[in-house]
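> Submitted below is the structure of interest, expressed as structure tokens.
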Amino acid sequence: MKKPTLKTAKSQKEKFEEAARELKTDQSDAAFEAVVNKIAHAPKLTQEQIKELVRRKREETKR
């Protein structure tokens, strides 16, 4: 597996912005704070939960 280079590696800020876009945030401060709280307080998933989530996502994309 290749190590990410500076050009291909995403910064923490870029990862956060991508997650915020996926959650369909708007530009208001209240919406931003709500999304930050949602992400910050999300429960940590177990390996089994992650595998199940990946499986579901794959099934959705096949449809």
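> Place the peptides 40-47, 29-36, 10-17 in order of packing, highest mean first, counting for every residue the other Cβ atoms within 10 Å and averaging per peptide.
Numbers: 40-47: 7.5, 29-36: 12.0, 10-17: 10.2.
Packing order, densest peptide first, comes out as 29-36, 10-17, 40-47.
> Another question about this same structure. Stretch ILE50-LYS38 to full length: gain in nm at 0.36 nm per residue minus the Cα-Cα span? It would help to have the intermediate numbers written out before the result.
Numbers: separation 12, 0.36 × 12 = 4.32 nm, distance 1.80 nm.
Contour length minus Cα-Cα distance gives 2.5 nm.
> Here is a follow-up. Can you pull the Kirkwood radius for region 7-63, inverse mean 1/r over Cα pairs, to one decimal in Å?
13.5 Å
Computed from the coordinates by the stated procedures, all read-outs in this text should not be read as laboratory data. Predicted model only: the values in this text are computed from it and were never measured. For neighbour counting, all protein chains shown are included, and Cβ atoms are generated from backbone atoms with ideal geometry for every residue, glycine included.
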